[in-house]
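Presented below is the structure to which this report refers.
The values are calculated or read from the model by the stated rules, or taken from the named source; none is laboratory data. Remember, predicted model here, so these are calculated numbers, not experimental data. Glycine also receives a Cβ, built like all others from the backbone with ideal geometry; neighbour counts cover every protein chain displayed. Accessible surface is based on the protein model in full, side chains and every heavy atom, while ligands, DNA and RNA are left aside. Shrake-Rupley method; radii C 1.70, N 1.55, O 1.52, S 1.80 Å.
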Amino acid sequence: MARFIFITGGVVSSLGKGLTSAALGALLQARGYTVRLRKLDPYLNVDPGTMSPFEHGEVFVTDDGAETDLDLGHYERFTGVAARRTDSVSSGRIYSTVLDKERKGKYLGRTIQVIPHVTDEIKDFIQIGEDEVDFMLCEIGGTVGDIEGLPFFEAIRQFQNDRPRGQVIFIHLTLLPYLQASGELKTKPTQHSVKELRSIGIQPDILVCRSEHEIPEREREKIARFCNVRPEAVIPALDLPSIYSAPLAFHGVGLDAQTLDAFGVGPAPAPRLAVWDDIVDRIENPDGEVRIAVVGKYTELEDAYKSLSEALTHGGLANRVSVKMEWLSAQIFEEEDPSPHLEGYHGILIPGGFGERGAEGKINAVRWARERKVPFFGICLGMQMAVIESARHLGGLDGAGSEEWNEERVKRRLDPVEEPVIFFMPEWVEGEGTVARSADDDKGATMRLGAFEAVLSADSTVAEAYGATRISERHRHRYEVNIKYREHLERAGLSISGLSPDGELPEIVERSDHPWFVGVQFHPELKSKPFAPHPLFVGFIRAAVTQSRLV
Ligand code: GLN
């Protein structure tokens, strides 16, 4: 039976609950415990798959093909525990399961209510696989008092009573605003937030207080008294120079010690934190800097590419350099010469994305990187653009394009793409069987999602980077490179160095006439960790370091 830690938030959103949960998970691991982290999201979407990255940030994909909240990315990056479909749930999913059961007559004609039917469903979810770990950390999305969140709060309140004493604790994250005029930290919002929590029957064991300033002892005692927690369980969380400083910083202020104390675990084994010391040392003392241009669409919101920016940072850690990323909108290159915009960067990366907007600009950026021999990394859509670029400019296929563009073209009564080097595959092999889909399926159902294996050519750049010829990576896309064009592409100098095991789906392309030019159909950024940087990001940044010495 696992011990459960519920992490809730109050006062305002975006206080870093996900990061706090992830850092606490890492600290418990450092003390020798096993953990799993889970996210319960109150919104009514069934999953974030169809939500705009502008609004919700990136969609994080698990090995088992779930489209989840970006916090699961933090959990993985801090603990190395691969998230699963059962680590993320929304109200939408819970309600749809309950309604499904109701239609199937599983409730034997009873009236279906939030309590107990919805709350029971939530409690069942929370417990999945608990026997595998010592601690289960469950983060509740949103803030206390949100109307959609109520069933979750009610479920975790009940859950504490369902369990033997000492098996469940609550950590509440709040904000202490600083008033410049009077020079003080204000505790009232925190008091109100805890009052709200207590009014629904939850007494927090630990308060994590985000603050821009040190919390004076007096204020800490005041918070403790008014919120009914021990003074030592009021944990300050000051702004940090890097998210990877969080485990050490939280350890320094006793978050892990207080957590174990709240469970009555003692004496707790001392933590081993050398890994985090090393990471922080590499961040704080880099040997140089490389500049990477990321040419994409969602450039206004960095959260839309969260895992990507982290993976680039990790590539920097492995090479002991800091990575300065700049986000450029692909649309600028549609008409303008890319040179003045791209000159001076040590690497060009085109990330994943959807739709036709900016495609020609991306293709121009690939061409520039190829011709100027600047390290290039194309991910998912970025790889598809690299394939189109080679097909058009070196493979003699002027009409090369992606079937993804046809949606827009039909609307504008234009002819479909002439040479669909990137096409929609109605069927592919997955595990023992085949998966079929049609372009008219539900939006959420038409993608190749989750982990798939690929076989790499023995003497390729990628096989050398991975140190292996069989890999598994996560996917999230509708379109594929059409193997039918293989000869054209190879004549254009673009070799297919990674293929699905059945040889049907190109997974990786690369150029041997270039210092580092790699395109991958999957999302390697999803598996990178600060303590285990992804080999392709390590290779890309290494090439960028070499480039930085040339220019
Ligand atoms: N839009 C492209 C596809 O669906 C690429 C997707 C992506 O980059 N994740 O295939």
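When you scan the stretch 178-185, do you find a residue that is open to solvent by less than 10 Å² (accessible area, probe 1.4 Å) and of a type in the set (Phe, Trp, Tyr), even just one? No, that holds for no residue. Once the stretch 226-240 is narrowed to residues that are assigned to a loop (DSSP other than H, G, I, E, B) and closer than 18 Å to residue 196 by Cα, the residue that is most open to solvent (accessible area, probe 1.4 Å) is 228. Scan the stretch 5-21 residue by residue and report those that are open to solvent by 30 Å² or more (accessible area, probe 1.4 Å) and either modelled with pLDDT of 95 or more or out of contact with any strand residue (DSSP E or B) (no Cβ under 7 Å at 6 or more places or on another chain) (or both). Result: 13, 14, 19. Among the residues of the stretch 379-428, those identified as open to solvent by less than 30 Å² (accessible area, probe 1.4 Å), more than 16 Å from residue 508 (Cα to Cα) and within 28 Å of the chain's Cα centre (by Cα) are 402, 404, 405, 425, 428.
Within the stretch 123-151, the set of residues being over 23 Å from the mean Cα position of the chain (by Cα) and under 26 Å from residue 190 (Cβ atoms) comprises 144, 145, 146, 147, 148, 150, 151. Checked against the criteria, residue 511 does not count as away from the ligand (no atom under 16 Å from the Cβ), among the basic types (Lys, Arg) and either without any contact (Cβ under 8 Å) to a residue 60 or more places away in the chain or surrounded by fewer than 20 Cβ atoms within 10 Å (Cβ to Cβ) (or both). Whenever a residue of the stretch 1-17 is in a strand (DSSP E or B), its partners that are at pLDDT below 85, lying with C-beta atoms within less than 9 angstrom and at least six residues away or across chains, give the pairs 9/15. Candidates 326, 310, 389: the one that is modelled with pLDDT under 95 and either within 16 Å of the ligand (Cβ to nearest atom) or more than 17 Å from residue 521 (Cβ to Cβ) (or both) is 326.
The residue that is farthest from the ligand (Cβ to nearest atom), among those in the stretch 349-361 that are among the hydrophobic types (A, V, I, L, M, F, W, C) and either in contact with a His (Cβ under 8 Å, 6 or more places away or on another chain) or open to solvent by less than 40 Å² (accessible area, probe 1.4 Å) (or both), is 349.
Across the stretch 467-499, the qualifying residues are those that are outside any strand (DSSP E or B) and within 29 Å of residue 49 (Cα to Cα), and the one among them that is farthest from the ligand (Cβ to nearest atom) is 483.
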